[in-house]
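Input: a single structure, listed below in structure tokens.
The values are calculated or read from the model by the stated rules, or taken from the named source; none is laboratory data. No experiment lies behind these values; they were computed from the predicted model shown. All Cβ positions, even for glycine, are placed from backbone atoms using ideal geometry, and neighbour counts span all protein chains on display. These area figures cover heavy atoms from the full protein model, side chains too; ligands, DNA and RNA do not enter into them. Shrake-Rupley method; radii C 1.70, N 1.55, O 1.52, S 1.80 Å.
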Amino acid sequence: MGEAIMKFFHESHGCSLAVDIVAREIGIPLEIVWVDMQRRLLPDGTDLYAINPKGQVPSLQLPDGQFLSEGLAIMQYLVDQRPDSDLASTARGAEKYRVLEWMSFIGSDLHKGGFMPLFKKTTPPDYRPIALQHIAGRLEWLNRHLADRDYLVGDRFTIADAHCYAIVIWTKRHAIDVTPWPRLEAYMARIAARPSVRAAVEAQLVQEALEAKARAAAPEGLRDIAPKAS
Ligand SMILES: N[C@@H](CCC(=O)N[C@@H](CS)C(=O)NCC(=O)O)C(=O)O
């Protein structure tokens, strides 16, 4: 009997992109459930809070029915299902703690400390330059780290690169020019060229286009119900 296909709760431009990249990279098929993050609803009308009390994506329904949240935990769970994959051997070996170090930095400093205020409609306008400065400092640090290496840890792609890509790609969404950090720019292009990344990004773009179409067709008052936070 084959593996049961797990449900993966995803967002059209969310940090959950990293989970999709990792799953594709190691060949674990997932059933994507696109979450309407404006309304915190699943396509069948279920409240997102019923499957993740934090009201966030990513979330993964495990074969025993439980829901696992937090990108780091989900990505580590997935690679642990494929102990012979390249991704897992890096994450298990001596460099495991470096991978965790990067995952923590990307999830806290870059995602929450840097980009989240730019996504929140409730962020006061005069905080925006402070957030941009915070992001620039972190991108500068990434650029320096990438001076003599192709990946964040060791000499191969790990879950840290999937995570980093999924967050740094938001520079495009917020029109942040990355040319001052050429090594980071080259790294992003290198990661973007991976088949797993191309497929995961394409899936998000298709979903985003579908959502834009549905929004345009909706009555005006229903187009933007709740402030969105990433
Ligand atoms: N610590 C969580 C953060 C997840 C997160 O912030 N996801 C965003 C989408 S990128 C979200 O669901 N935002 C809605 C909210 O926080 O209310 C993780 O690393 O998975």
Partner lysines whose C-alpha sits under 26 Å from that of Lys96, ignoring same-chain residues fewer than 8 away, are Lys112
Provide the three semi-axes, in whole Å and in decreasing order, of the ellipsoid equivalent to segment 160-214 as defined by the square roots of 5 times the Cα gyration tensor eigenvalues. 22, 15, 8
Computed for the chain: size of charge dipole around the Cα centre, +1 on C-beta of each Lys and Arg, -1 on C-beta of each Asp and Glu, debye to nearest 20, value 520
Here the membrane-span-like helices of the chain, with no claim about any membrane, defined by DSSP H, Cα axial extent at least 27 Å and mean Kyte-Doolittle at least 1.6, are none
Carbon plus sulfur, as percent of the 1.4 Å-probe accessible area of segment 94-144, comes to 58
Distance histogram in 10 Å bins (all Cα pairs of segment 63-189, percent per bin): 12, 41, 31, 14, 3
Using the Cα atoms of the chain to build a convex hull, what is its mean projected area in square nanometres? 13.5
Residue-averaged [θ]222 nm for the chain, counting only DSSP H segments that reach four residues, each worth -39500 (n - 2.57): -14000 deg cm²/dmol
